[in-house]
């Protein structure tokens, strides 16, 4: 079981469990997972009966995310719940300057930048201002990069 937390919207509309592979339709029996803001507030996630590596649970950020992402103890608790229910959790977070406590307990950070509008120097400064330990940076992904610019 893996978990993808999508902060792109309060309710991504994808909440639940999905099978990855040939059948990507939402199972009829899937229950709506709590959103990330609810986990920060102390909500619990129903345990998954099997840790099938072909299953992904999608959860949204939630309407209370703006305040929740700066709750250090709550974010640590939410990560603990997610880790206990999944082999891998991917958090699709906002820009580095808006992550708040989300970066404190993350095992690794993959920085995603739009190469059309973001120079390498701006990326470096953003990482430095977020005070990320270099060993926790998994890499930088450039969206819209061309072979000539790379």
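Readers should treat all values here as calculations from the given coordinates under stated rules, not as data from a laboratory. From a predicted model like this one, the values you see are computed outputs, not experimental measurements. Cβ placement follows ideal geometry from the backbone for every residue including glycine, while neighbour counts extend to all protein chains displayed.
Some observations on this one:
- Per-pair calculated FRET efficiency, R0 = 35 Å: residue 145 and residue 67 via Cβ, rounded to 0.05: 0.50
- Taking 0.36 nm per residue of separation and subtracting the Cα-Cα distance, full extension of the segment from residue 134 to residue 76 would add 18.8 nm.
- Ascending count of other beta-carbon atoms within 10 Å, so fewest first, for 82, 39: 82, 39
- When peptides 109-117, 136-144 are sorted by average Cβ neighbour count within 10 Å, with the highest value leading, the order is 109-117, 136-144.
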